[in-house]
Amino acid sequence: QEVKVFAPATVANVICGYDILGFALDRPGDEVIMRLKDEPGVEIVNIEGDDGLLPRRAEKNTVSASVQNYLKQIGQPDLGIEIELFKQMPIGSGLGSSAASTVAGLFAINQLLGEKLTRKELLPLALKGEELACGYPHADNVAPSLLGGFTLVRSYEPLDVIHLPVPPDLHCAVVFPHVDVPTRDARDMIRKNVPLKGAVKQWGNIAGLVSGLFMNDYDLISRSMEDVLIEPTRAILIPEFYEMRKIAMEVGALSFGISGSGPSVFSFTKSAELAAEVAEAIKYQLNQNEIECNTYISSVN
Ligand code: HSE
């Protein structure tokens, strides 16, 4: 018996919602093939597409460590499981690479064993996978990768995740410049205390963005997508950040900002065609500065 599953890449934070907002992309993502084996223990038998960067030891890799946690939780820690991981997305890109592996692993084991847990019950296990990957159990990548669409982490303790509606024409352009920004470092560098004035602006923007999603109000979405707390610090790590913003907005994007902890950036647009134009314009700017990049176009819901 064998299952094959796909878990999508995700854009976390969505500019103003640090650690609470995220949405799933159509592509890229991770694929996992999983099957039962006779000998006890979880084993990774094949990884492709990671350029040899990911750990092969079961307890070190998020895909297999998450499966081990799942098996413990359902009281079958010695079950024999074989995993093949096909990474179809870049690592360290700010597109939720570790989240996609974790979610693919958890979704696959749950399918293989007859859906013993609901998707919402898988979520706390997915958070443990994120903790292993970057030291922090943030939910804004795993929640949309697991549940699909656009999600809001209303609370961490207790975990309360809400699915948000998305206007029908909302699309997104994602550009991954080939520079290294580890999530752990990008989290350690930000201030732990925020000024009240900045916080007021930020929660106004979060409420505005969520209202805009509910009201199909593209203009409200556009003017709410501003991050005064985190972006000024993290933008320093991303080459051509402000130049890329200028270009994206000139081409007609609704927004421009960092995807997750970067270095990927993304823009919302009102059509797939416009998203492609934005991605192309940003790519041109990066290439002019001798920076290679990948681009992805996706719907948002
Ligand atoms: N919310 C997380 C962060 C996302 O910004 O560090 C990491 O992908």
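Are there trypsin sites (Lys or Arg not before Pro) in segment 87-176 that DSSP puts in a loop and that have at most 16 other Cβ atoms within 10 Å, and which ones?
Numbers: sites: LYS87, LYS116, ARG119, LYS120, LYS128, ARG154; in loops: LYS116.
For trypsin sites (Lys or Arg not before Pro) across segment 87-176 that sit outside H, G, I, E and B with at most 16 neighbouring Cβ atoms in 10 Å, the list reads LYS116.
Amide H of THR269 versus every other amide H placed in the peptide plane: which residues, excluding those fewer than 5 positions away on the same chain, fall under 5 Å?
HIS171, CYS172, ALA173, LEU254
Calculated FRET efficiency, GLU115 and LEU159, Cβ-Cβ r, R0 22 Å, to nearest 0.05?
Values: r = 20 Å, r/R0 = 0.90.
For GLU115 and LEU159, the calculated efficiency is 0.65.
May I ask for the angle, rounded to the nearest 10°, between helix 62-73 and the longest principal axis of the chain, with both axes built from Cα atoms and the value confined to 0 to 90°?
60
In degrees between 0 and 90, to the nearest 10, how far off the longest principal axis of the chain does helix 272-288 point, with axes built from Cα atoms?
Once rounded, the angle reads 80 degrees.
If we sort 274-281, 59-66, 93-100 on the protection proxy, mean other Cβ atoms within 10 Å, highest first, what's the order?
On the way: 274-281: 21.4, 59-66: 23.4, 93-100: 29.1.
Result, highest mean Cβ count within 10 Å first: 93-100, 59-66, 274-281.
In the full protein assembly as shown, how much of HIS163 is accessible to a 1.4 Å probe, in Å² to the nearest 10?
Looks like 110 Å² after rounding.
Can you pull the Rg over Rh of the chain, Cα-only, Kirkwood?
Details: Rg = 19.0 Å, Rh = 19.4 Å.
Using only Cα positions, Rg/Rh for the chain is 0.98.
Using a 1.4 angstrom probe on the protein heavy atoms only, line up LEU112, LEU229 by accessible area, largest first. It would help to have the intermediate numbers written out before the result.
Values: LEU112 10, LEU229 30 Å².
Per-residue accessible area, sorted high to low, gives LEU229, LEU112.
Distance check, please: which entries in LYS246/LYS283; LYS87/LYS120; LYS128/LYS192; LYS60/LYS116; LYS87/LYS270; LYS4/LYS120 exceed 18 angstrom between their Cα atoms?
Working: LYS246/LYS283 13 Å; LYS87/LYS120 24 Å; LYS128/LYS192 22 Å; LYS60/LYS116 24 Å; LYS87/LYS270 30 Å; LYS4/LYS120 20 Å.
Beyond 18 Å: LYS87/LYS120; LYS128/LYS192; LYS60/LYS116; LYS87/LYS270; LYS4/LYS120.
Check which residues have an amide H placed less than 5 Å from ASP26's amide H, if you skip close sequence neighbours.
SER299
Simple spin-label model, 7 Å along Cα-to-Cβ: ILE291 to SER271 in nm?
2.9
So how exposed is THR233, as accessible area in Å² (1.4 Å probe, rounded to 10)?
Around 30 Å² of this residue is reachable by solvent.
Determine the sum of side-chain charges near ILE247: Lys and Arg each +1, Asp and Glu each -1, restricted to other residues whose C-beta is under 15 angstrom from that of ILE247.
-2
Could you sort ILE221, ILE33 by accessible area so the largest value comes first, with the probe set to 1.4 Å? Show your work: numbers first, answer last.
On the way: ILE221 0, ILE33 25 Å².
Highest to lowest solvent-accessible surface, that is ILE33, ILE221.
The values are calculated or read from the model by the stated rules, or taken from the named source; none is laboratory data. Keep in mind that this is a model prediction, so the values were computed, not measured. Neighbour counts are summed over all protein chains in view; Cβ atoms, including those assigned to glycine, are modelled from backbone coordinates with ideal geometry. Ligands, DNA and RNA are excluded from the accessible area calculation, which covers all protein heavy atoms including side chains. Shrake-Rupley method; radii C 1.70, N 1.55, O 1.52, S 1.80 Å.
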